[in-house]
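One structure is given below, encoded as structure tokens.
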Amino acid sequence: MNRLFLFVPLFCLFSLSLQARELIKPEDAVEYRQAAFQVMRFQFGAMAQMIRGEREFTNAEFLQRSQALHTLIPLAHEGFIDTTQNESTSRAADRLWDERERFDQIMARFKSDTAELVDVAAEGSQRQVRDQFRQAMRHCKACHDQYRLD
Ligand code: HEC
């Protein structure tokens, strides 16, 4: 009985999200993921300035920004639906769709390295933050080199 109570709403939620995915217009999904990346870039830029000593480093601000960036990753990822493959506004390379699993893996690693960055920003030294920032942010370039058109 209890299980059914859980199962029914979960099933409804699941089929709803499938429906929602199908209803998303490809051009909207591209705009959405690009917007998420733009917000990511802003947060990344502010943290990079702190790492380079161009603005004051505080754990509190770094923590907030790394949390924001971490939250944005699944949002950007969500915008890569199959129907966007031929969208003219997209700068995703064709090979992204051929190597979908690898692309998803880089996203997953980017997300876990950024989760680690959040932990280090909460408790670690400035040096640890700097090292983990480099570790997490190398995924930006690595992924762009392979899966984003110039
Ligand atoms: C797993 C792959 C991947 C990772 C990791 C990644 N990106 Fe991207 N990024 C892409 C792809 C693919 C596009 C092209 C999206 C499109 O045009 O639809 C893109 C586009 C962008 C854009 C352009 C958005 C626009 O307005 O067209 C910016 C800015 C950007 N990424 C910043 C970043 C930053 C900063 C990071 C790291 C903090 C990052 N990305 C990490 C794959 C990635």
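One line per residue, one yes/no per condition, for (1) over 24 Å from Arg134 (Cα atoms); (2) β-branched (Val, Ile, Thr); (3) touching a Gly at 6+ places or on another chain (Cβ under 8 Å):
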position: Phe37; (1), (2), (3): no, no, no
position: Arg41; (1), (2), (3): no, no, no
position: Phe44; (1), (2), (3): no, no, no
position: Ile51; (1), (2), (3): no, yes, no
position: Thr58; (1), (2), (3): no, yes, no
position: Gln64; (1), (2), (3): no, no, no
position: Glu78; (1), (2), (3): yes, no, no
position: Arg91; (1), (2), (3): yes, no, no
position: Asp98; (1), (2), (3): yes, no, no
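Of the set (1) farther than 16 Å from Arg33 by Cβ; (2) more than 12 Å from the ligand (Cβ to nearest atom), all apply to Thr83 but (1). Can you confirm whether Arg55 is of a type in the set (Lys, Arg), more than 9 Å from the ligand (Cβ to nearest atom) and not in a helix (DSSP H, G or I)? For Arg55, the condition - of a type in the set (Lys, Arg), more than 9 Å from the ligand (Cβ to nearest atom) and not in a helix (DSSP H, G or I) - is met. A single member of Asp119, Asp150 is exposed (fewer than 13 other Cβ atoms within 10 Å of the Cβ) and over 16 Å from the mean Cα position of the chain (by Cα), and it is Asp150. Residues that are crowded, with 18+ Cβ neighbours inside 10 Å, assigned to a helix (DSSP H, G or I) and not hydrophobic (A, V, I, L, M, F, W, C) within the stretch 64-82 comprise Arg65, Ser66, His70, listed in sequence order. Any residue that is modelled with pLDDT under 95 and part of a helix (DSSP H, G or I) - is there at least one of those in the stretch 106-125? Yes: one or more hits.
Taking first residues from the stretch 83-103 that are buried (at least 17 other Cβ atoms within 10 Å of the Cβ) and outside any helix (DSSP H, G or I) and partners that are aliphatic (A, V, I, L, M) and at pLDDT 95 or above, the Cβ contacts under 8 Å between residues at least 6 apart in sequence or on separate chains come to Ser90/Val30; Ala92/Leu149; Ala93/Leu149. Applying the condition of being within 18 Å of Arg138 (Cα to Cα) and more than 11 Å from the ligand (Cβ to nearest atom) to the stretch 86-116 and asking which residue is farthest from the chain's Cα centre (by Cα) yields Glu116.
The values are calculated or read from the model by the stated rules, or taken from the named source; none is laboratory data. Model, not experiment: these values are computed from the prediction. All Cβ positions, glycine included, derive from the backbone under ideal geometry; neighbour counts span all protein chains shown.
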